[in-house]
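Heads up, the thing below is written out as structure tokens.
The values are calculated or read from the model by the stated rules, or taken from the named source; none is laboratory data. Note that the coordinates shown come from a computational prediction; the quantities given were computed from them, not determined experimentally. Please note: Cβ atoms are built from the backbone with ideal geometry, for glycine as well, and neighbour counts cover all protein chains shown. Accessible surface areas use protein heavy atoms only, side chains included; no ligands, DNA or RNA. Shrake-Rupley method; radii C 1.70, N 1.55, O 1.52, S 1.80 Å.
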Amino acid sequence: MTERLVAALRVGGVVTGEDFTFGARKSGNVEILRALGAVHGFSTQAIGPVTLDGEPVSSSRIRAHLRLGETRAATRLLTRPFAIQGVVQHGDKVGRTIGYPTANVDMGKYLRPAYGIYAVRGRLADGRVLDGAANLGIRPSFDPPKELLEPHFFDFAGDLYGQRIEVELVDYLRPEAKFDSLDALVAQMDADCARARVILRG
């Protein structure tokens, strides 16, 4: 590590968190880094954790909240909603036949939040912001299962294919579920969208 910092990067100073570790089996710590800095001529500074209500704000806490569908808690720590960006793909177009066209976005390498239905806010490349509801998961009512983020934007009828959009997960509504009929699925989607509209207006 010292070779990279000094020879390759020619650093004058290094700033880390107080719990920073490095090296084989994370055997290096802030004190060792400080000693290396004294020998090789770079300064070191360790910054204490950011806290909120006495608890540290950490990426592991944020990830844990998202995996449990606790979007409001994650938003509080992030100071903004967790968002996923992606290019809108062509899908099987079932949504449009039941009155709920969706913008299918591949999840890529993003963290997988809890599968389920979310109240979302979409940000388009042209700056428009759209409210909606989205399924994030594998669509258990359809075969074959395919992992997607599928936002349906309220009162929007434009063509988003090929466009890069950002989808903010504002609130978790419910887990994914498999329905016995298309009518039952549509009835639940009606209820989900009505609830999402109320949340997003608030």
- Item | Difference of contour (0.36 nm per residue) and Cα-Cα distance, L68 to I32 | 9.2 nm
- State the label only: which of [x] 106, 36, 21; [y] 71, 37, 33; [z] 52, 41, 31 corresponds to Cα extents along the principal axes in Å computed from the shown model? [y]
- Item | Choice from D171, D106, D155 showing the highest fluctuation, given a GNM over the chain with Cα pairs closer than 10 Å | D155
- Note on the structure: For the stretch 153-202, listing trypsin sites (Lys or Arg not before Pro) in a DSSP loop whose Cβ sees at most 11 other Cβ atoms within 10 Å gives K178
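Around F82, under 10 Å between beta carbons, what's the net of Lys plus Arg minus Asp minus Glu among the other residues?
Here the count lands on +1.
Just to confirm, what accessible area per residue do you get for the stretch 119-202 at 1.4 Å probe, in whole Å²?
On the way: 4350 Å² over 84 residues.
Per-residue value: 52 Å².
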- Item | Calculated SAXS-style log₁₀ I(q)/I(0) at q = 0.21, 0.24 Å⁻¹ - the stretch 129-202, Debye, Cα scatterers | -1.10, -1.33
- Task: Between beta-carbons, use under 12 Å as the cut-off and find the net charge around A119, counting Lys and Arg +1, Asp and Glu -1.
- Result: +2
- Query: Counting Lys and Arg as +1 and Asp and Glu as -1, each charge on the Cβ, what is the dipole of the stretch 1-60 about the Cα centre in debye, to the nearest 20?
  - Reply: 380
- Query: Between T21 and Y115, what FRET efficiency follows from the Cβ-Cβ distance if R0 is 35 Å, with the result rounded to 0.05?
  - Reply: 0.60
- Item | Three-way shape call for the stretch 20-62 based on the alpha-carbon gyration tensor, with the a/c threshold at 1.5 | oblate
- Item | Debye, to nearest 20: dipole size of the stretch 1-115, +1 on Lys, Arg Cβ, -1 on Asp, Glu Cβ | 340
- Message: Pairs of alpha-carbon atoms within less than 8 angstrom and 6+ residues apart define the contacts here; what relative contact order does the chain have, in percent?
- Response: 18
- Note on the structure: Of all GluC sites (Glu not before Pro) in the stretch 1-77, the ones in DSSP coil with at most 10 other Cβ atoms within 10 Å are E18
- Any aspartates and glutamates whose Cα falls less than 13 Å from that of K178, other than same-chain ones fewer than 8 residues away, would be D143
- Query: Against the longest alpha carbon principal axis of the chain, how many degrees, from 0 to 90 and to the nearest 10, is the axis of helix 30-40 turned?
  - Reply: 50
- Task: Quote the charge dipole size of the chain about the Cα centre in Debye, to the nearest 20; the model charges only the Cβ of Lys and Arg (+1) and of Asp and Glu (-1).
- Result: 500
- Task: Per DSSP H run of at least 4 residues, take -39500 (n - 2.57); add these up for the chain, divide by its residues and hand me the 222 nm value, nearest 500 deg cm²/dmol.
- Result: -7500 deg cm²/dmol
- Compute the semi-axes of the equivalent ellipsoid of the stretch 36-121, taking the square root of 5 times each eigenvalue of the Cα gyration tensor, and list them largest first in whole Å. 39, 18, 9
